[in-house]
Amino acid sequence: MKTLVITERDESDIRLGSLSAIGFAQSLPASVVDTLCVADVCGVNPTADAHAAVIAAAVRQHSYELVVAAATTYAKDVVGRTAGLCGGSMASDVIGHRFDGEQLLLDRPMFAGAVTATVILNNSPRFITVRAAAYNPVDISSVNSLSSLDTASLDVDYSDVPSAQWKSLASRASHRPDVTEAKIVVSGGRAFKSSEDFERLVGGLADGLGGATGSSRALVDAGITPNDLQVGQTGKIVAPDIYIALGISGAVQHLAGMKNSKTIIAVNTDPDAPIFSVADFGLVGDVYEVVPQLIAELNG
Ligand SMILES: Cc1cc2nc3c(=O)[nH]c(=O)nc-3n(C[C@H](O)[C@H](O)[C@H](O)COP(=O)(O)OP(=O)(O)OC[C@H]3O[C@@H](n4cnc5c(N)ncnc54)[C@H](O)[C@@H]3O)c2cc1C
């Protein structure tokens, strides 16, 4: 199956989720990485429509049968559009796969993870996004060696691309790792009354542990935390080694984004909070009392 893997980079390197997408692609029979596709995007607005046009051009010009990417916010925006442009079939957020004879069976969660559907993609080209936590990332050194591969230029016609245009771009600098890539995630919920409290307590504990911060939707809706920290069904899906839920009740929509974490620790004043049903360690207590003690302990 001729396969294209879409990778994402941050300032320094290929992102961890993309390494998992490559891991998935390499687990398929006869997968060989041989070419890097390069498109000239000078003067093109880097909108999802434009990115989809570039990827569709790569698929058409190189006759790719399968396109794989990590199930990230970027991929949610771009890969479905590309499948539409190519008239292909798509499965998103795949968490497992197997073969039935020649047929590739893909498992993907539905209804906030309440059920897992097994799907078959009938139309080629096939588009698959995989949940990064479900697949082992390949070693970064094996990917960095790709820079020595042949490069294939793409001929992209941008005239059909809808003319949405970036007016400006503001990015929120953070010294913390991305919530989807961190091994430790400290998340805060409605218990926190202000951005300052969140930063001092959730941020302080995350920094002490070298982790990322996450948030329930309640805090995002209240304007206390930014949108990109939201964990859950309509936020980011995470599966870190350790997930610490501070003052989060454990609504099913939040659990959908973090219940596959390896170890879950919860602090909540309510001993009956649903979060305790998925927690490996639980502490009934007030985050305003418990968290400063944890931070003080970590700071020695
Ligand atoms: C379609 C849809 C999609 C959604 N998507 C998401 C999503 O992606 N992510 C998400 O998180 N939610 C999502 N939600 C919202 C979700 O249903 C819950 O409303 C939300 O998760 C609740 O956030 P919370 O746990 O912070 O707040 P609450 O449910 O209000 O819980 C606050 C918890 O804090 C505890 N507490 C209060 N004070 C303290 C204290 N001082 N110390 C310790 N504990 C304390 C309380 O006992 C309580 O358990 C979605 C809802 C819908 C309908």
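Matching residues to (1) out of contact with any His (no Cβ under 7 Å at 6 or more places or on another chain); (2) without any contact (Cβ under 8 Å) to a residue 12 or more places away in the chain; (3) among the polar types (S, T, N, Q); (4) not assigned by TED's automatic domain parsing to the domain that holds Phe281:
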| position | (1), (2), (3), (4) |
| --- | --- |
| Glu199 | yes, yes, no, no |
| Gly211 | yes, no, no, no |
| Ser216 | no, no, yes, no |
| Ala222 | yes, no, no, no |
| Thr225 | yes, no, yes, no |
| Asp228 | yes, no, no, no |
| Pro240 | yes, no, no, no |
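Where residues in segment 279-297 are within 13 Å of the ligand (Cβ to nearest atom) and in a loop (DSSP other than H, G, I, E, B), which of them is most open to solvent (accessible area, probe 1.4 Å)?
The selected residue is Asp286.
Taking Ala57 and the conditions (1) over 27 Å from Ala134 (Cα atoms); (2) open to solvent by less than 20 Å² (accessible area, probe 1.4 Å); (3) within 22 Å of the chain's Cα centre (by Cα), which numbered condition does it fall short on, given that it satisfies the others?
For Ala57, the failing item is (3).
For segment 90-118, which residues satisfy the criterion of being of a type outside the set (Gly, Ala, Ser) and buried (at least 16 other Cβ atoms within 10 Å of the Cβ)? I'd like the intermediate steps shown before the answer.
The first filter runs over segment 90-118 and keeps only residues of a type outside the set (Gly, Ala, Ser), leaving 90, 93-95, 97-100, 102-111, 115-116, 118.
Matches in segment 90-118: Met90, Asp93, Val94, Ile95, His97, Leu104, Leu106, Asp107, Arg108, Pro109.
Within segment 165-189, count every residue that is farther than 29 Å from Ala251 by Cα and in contact (Cβ under 8 Å) with a residue 60 or more places away in the chain.
Total satisfying the criteria: 2.
Is at least one residue of segment 65-82 in contact with a Cys (Cβ under 8 Å, 6 or more places away or on another chain) and either free of Cβ contacts under 8 Å to residues at least 24 places away in the same chain or open to solvent by 20 Å² or more (accessible area, probe 1.4 Å) (or both)?
No; the residues of segment 65-82 include none that is in contact with a Cys (Cβ under 8 Å, 6 or more places away or on another chain) and either free of Cβ contacts under 8 Å to residues at least 24 places away in the same chain or open to solvent by 20 Å² or more (accessible area, probe 1.4 Å) (or both).
Using the structure shown, decide if Ala206 is surrounded by 22 or more Cβ atoms within 10 Å (Cβ to Cβ), modelled with pLDDT of 95 or more and under 20 Å from the mean Cα position of the chain (by Cα).
Against the criterion (surrounded by 22 or more Cβ atoms within 10 Å (Cβ to Cβ), modelled with pLDDT of 95 or more and under 20 Å from the mean Cα position of the chain (by Cα)), Ala206 qualifies.
Of the conditions (1) within 30 Å of Tyr135 (Cα to Cα); (2) over 21 Å from the mean Cα position of the chain (by Cα); (3) near the ligand (Cβ under 9 Å from one of its atoms); (4) not aliphatic (A, V, I, L, M), Phe192 satisfies every one except a single condition; which number is it?
(1)
Yes/no per residue for (1) open to solvent by 30 Å² or more (accessible area, probe 1.4 Å); (2) near the ligand (Cβ under 7 Å from one of its atoms); (3) hydroxyl-bearing (Ser, Thr, Tyr):
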{"residue": "Gly223", "(1), (2), (3)": "yes, no, no"}
{"residue": "Gln230", "(1), (2), (3)": "no, yes, no"}
{"residue": "Tyr243", "(1), (2), (3)": "no, no, yes"}
{"residue": "Gly250", "(1), (2), (3)": "no, yes, no"}
{"residue": "Ser261", "(1), (2), (3)": "no, no, yes"}
{"residue": "Ile264", "(1), (2), (3)": "no, no, no"}
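For segment 195-221, which positions are away from the ligand (no atom under 13 Å from the Cβ) and within 18 Å of Ala133 (Cα to Cα)?
Gly211, Ala212, Thr213
Can you confirm whether Gly250 is at positive phi and either in a helix (DSSP H, G or I) or not assigned by TED's automatic domain parsing to the domain that holds Val130 (or both)?
Details: at positive phi: yes; either in a helix (DSSP H, G or I) or not assigned by TED's automatic domain parsing to the domain that holds Val130 (or both): yes.
Here the answer is yes, as Gly250 does meet what is asked.
The values are calculated or read from the model by the stated rules, or taken from the named source; none is laboratory data. Keep in mind that this is a model prediction, so the values were computed, not measured. Every residue, glycine among them, receives a Cβ derived from its backbone with ideal geometry; neighbour counts consider all protein chains shown. Each accessible area value is taken on the protein alone, full model and side chains, heavy atoms only, with ligands, DNA and RNA left out. Shrake-Rupley method; radii C 1.70, N 1.55, O 1.52, S 1.80 Å.
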